């Protein structure tokens, strides 16, 4: 076990086991991100491109602005990522002659093929995270997290 992981687990199990839920969720998200980041890096894909690829696999041809909104990041972040992804050959960016304002992002064949390579890595990360949990426990966790998400989005 890595020292960072040990420290986080010590915090939650021994130091302050009843710390705020937000902190537990943040630490869990960081662990998910780290685990997936390592897997993606082994395939030469930066973690920052993951969200954009997932979105484009479901809705190819969005504008950079739409990508920013769906990914929940600022437009300069999207611009930088798209520039890098274009250089890697994963996307193309085009404008239509009648509207030079919008830049449309399309996956290349290489970008589409990444789905078969990368989605199993995310699935593996998820499987590791729920190891030893019963299906009913997983369903309860999903229900609780979704309820929290709804509660916070309605505020």
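FYI, it's all coordinate maths here, none of it is from the lab. Given the structure is predicted, the values throughout are model-derived calculations rather than measurements. Positions of Cβ are backbone-derived with ideal geometry, glycine not excepted, and every protein chain shown enters the neighbour counts.
Each residue, residue 21 and residue 128, gets one label point 7 Å from its Cα in the Cβ direction; the gap between the two is 2.7 nm.
Computed over the alpha-carbon atoms, the chain gives an Rg to Rh ratio of 1.04, Rh here being the Kirkwood radius from the mean inverse distance.
Assuming a ≥ b ≥ c are the square roots of the Cα gyration tensor eigenvalues, decide whether segment 43-94 counts as rounded (a/c under 1.5), prolate (otherwise, with a/b larger than b/c) or oblate. Rounded, since a/c falls under 1.5. Take the convex hull of the alpha carbons in segment 67-122; its mean projected area over all directions comes to 4.6 nm². Subtracting the Cα-Cα distance of residue 75 and residue 144 from their residue separation scaled by 0.36 nm leaves 21.7 nm. For a modelled paramagnetic label at residue 106, 7 Å from Cα along Cα-to-Cβ, the residues of segment 45-60 in reach, with backbone nitrogen under 16 Å, are 56-60. Each peptide in 88-101, 111-124, 47-60 receives the mean, over its residues, of other Cβ atoms within 10 Å, and ordering these scores from highest gives 47-60, 111-124, 88-101.
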